[in-house]
Amino acid sequence: MQDVTFLERVRRQAEELGLRGWVRNTQDGRVEALFEGEAEAVRQMIKWFFSDSSGVEVHATSVYQETPSPDLVGFEIR
């Protein structure tokens, strides 16, 4: 589980890249996020997770491509 500071950095980075979606902690200690936007921006966001110098360790990621949701507006911490 990550603190709110990390989740806020994710939100800011996603907004900077023009992405829509959300990020949240799960009860089992993982972080889940949904990023929607231009493919290159999504790739940059995933790369950011591995290169962010915040001291957060990323052990694995799972990436799924889905149909965009017209309901997403902005990027939020859930």
**Asked** With the calculation restricted to Cα positions, what are the radius of gyration and Dmax of the chain in angstrom?
**Response** 11.9, 34
**Request:** Sort out the exposed loop GluC sites (Glu not before Pro) in the chain (DSSP loop, at most 15 other Cβ within 10 Å) and tell me the longest stretch that has none.
**Result:** 1-37
**Fill in**
So, over other residues within a Cβ distance under 12 Å of residue 19, counting Lys, Arg +1 and Asp, Glu -1, the net charge is -2
**Fill in**
One finds, for residue 51 and residue 76 with R0 = 22 angstrom and r their Cβ-Cβ distance, a FRET efficiency to the nearest 0.05 of 0.40
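So what is the calculated 222 nm ellipticity per residue for the chain, using -39500 (n - 2.57) for each DSSP H run with n of 4 or more, over all residues, to the nearest 500 deg cm²/dmol? Please list the in-between numbers first.
Values: 2 runs with 26 residues, N = 78.
Mean residue ellipticity at 222 nm (helix-derived): -10500 deg cm²/dmol.
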**Request:** Calculate how steeply helix 4-16 sits against the longest principal axis of the alpha-carbon atoms of the chain, using the helix alpha-carbon long axis, and give the answer as 0 to 90 degrees to the nearest 10.
**Result:** 30 degrees
**Prompt:** For the chain, what % of the accessible area comes from carbon and sulfur atoms, probe 1.4 Å?
**Reply:** 47 percent
**Request:** May I ask what percent, to the nearest 5, of DSSP beta bridges between residues of the chain are antiparallel?
**Result:** 65 percent
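The values are calculated or read from the model by the stated rules, or taken from the named source; none is laboratory data. None of the values given here were measured: they were computed from a predicted structure. No Cβ is skipped: glycine too gets one built from the backbone with ideal geometry, and neighbour counts run over all protein chains shown. For the accessible areas, the whole protein counts, side chains as well, though only heavy atoms, and no ligand, DNA or RNA atoms are used. Shrake-Rupley method; radii C 1.70, N 1.55, O 1.52, S 1.80 Å.
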